Amino acid sequence: QQQLEELMKQNLEKDQVQHQNPDVTPVVIPEKKPSVKTATNLAIVFPGAGHFYSGQISKGTLFVGLELAALVGVAISSSNYSKKVDEYNVWKNQKEGGNWSVSAGEQLHQAKNNALYPLIGSCTAAGIVWIWNIFDVKKSASTIFTDANKVSISMNSRGHVEARVSF
């Protein structure tokens, strides 16, 4: 009831202003609600961005942290794998003229292959976090972006009571 009285007072003040200045029309700025499409697009760009956009700060922080950790893992394992490939290629190119043994080559080949597994694992983890984030934004979109008030009662600009039902 207090809200209705406040709205009636505001409408009465607007009407008085319009009567004093009939050329002035009130400007109504619509409230911008977050959209599902924008949140999903942001989630595709980088995990956590869609959650931040929709106001879910804790989930956004979680997904940003998980993705950054996975990307650090990719960078470290990629560097290690590249180093092992370079060592193996040096042996392969210089084995005939140098003091390289076949067992050293086998060890380098095995080290190169063993360095590949962490790289595959960290890339897979980064991909899983990315996909999980997108699905989570889409899942939470049904609860965040829908109108929580299915029935609303308000006062329109003419001072009449207005009832709305959303489906």
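The values are calculated or read from the model by the stated rules, or taken from the named source; none is laboratory data. Source: prediction; values computed, not measured. Neighbour counts are summed over all protein chains in view; Cβ atoms, including those assigned to glycine, are modelled from backbone coordinates with ideal geometry. Ligands, DNA and RNA are stripped out before the accessible areas are found, and what is left, the full protein with its side chains, is counted by its heavy atoms. Shrake-Rupley method; radii C 1.70, N 1.55, O 1.52, S 1.80 Å.
So which residues in the range 70-125 are over 35 Å from the mean Cα position of the chain (by Cα), surrounded by fewer than 13 Cβ atoms within 10 Å (Cβ to Cβ) and not hydrophobic (A, V, I, L, M, F, W, C)? Asp86, Asn89, Asn93, Gln94, Glu96, Gly97, Gly98, Asn99, Ser101, Ser103, Glu106, Gln110, listed by residue number. Ile128 meets all of the listed conditions (1) at pLDDT below 90; (2) open to solvent by 70 Å² or more (accessible area, probe 1.4 Å); (3) not aromatic (Phe, Trp, Tyr) but one, namely (1).
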